Amino acid sequence: MKKILFLCTGKSCRSQMAEGWANLLLKPDFKAFSAGTEPGSLDPLAVKVMAEAGVDISGHRSKGAEEFKDAAFDLVVTVCDKARESCPLWFGKSKQIHKSFEDPPLLAKAAKSREEALACYRRVRDEIRDFIEKLPEIAGGIK
């Protein structure tokens with residue numbers, strides 16, 4: 001089984017979604033984990049929109065990248081530009097790819113209603129799902 005780490009800045013939303021999708025869509029060949037360079041708390045709206053899609057991430061917790069310092073990963077995927085810039089050097093032996101997704105909480109700040117805010121989260125959730133479905137092909141040599 002190949003191990004994937006999704007790395008974001010706050011690890012409250014995008015990396016959590018990516019971990020949830022990967023563990024659903026890529027099993028049994030892959031096991032996904034997620035971490036943040038500056039971990040915060042799990043975003044309840046991310047939990048809600050993932051549950052709507054049938055993916056339960058309610059048991060996830062925000063973990064710092066340091067928790068994985070001694071772990072070996074086949075692939076590290078940064079899902080935001082800031083995480084890419086500060087990706088820990090000790091992931092150097094892992095294959096690394098970058099795919100930036102917009103930040104749902106930031107997008108939702110301009111929303112005029114809860115439903116409009118949720119639409120931001122749903123759009124990014126679906127973009128992440130589409131990316132995860134193609135990840136083995138995108139990542140090349142990790143099959």
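Each value in this text was obtained by applying a stated rule to the coordinates, not by laboratory testing. Bear in mind the structure is a predicted one, so any value in this text is a computation, not a measurement. As a convention, Cβ positions derive from the backbone with ideal geometry for all residues, glycine included, and neighbour counts pool all protein chains shown.
Brief remarks follow.
- Between L75, G59, L42, the Cα set farthest toward the positive side of the dipole of the chain (charges on each charged residue's Cβ, about the Cα centre) is that of L75.
- Nitroxide proxy distance, nm - points 7 Å out along Cα→Cβ at E52 and E137: 2.7
- Put a plus charge on the Cβ of each Lys and Arg, a minus charge on the Cβ of each Asp and Glu, and nothing anywhere else: the dipole of segment 2-138 about its Cα centre is then about 100 debye.
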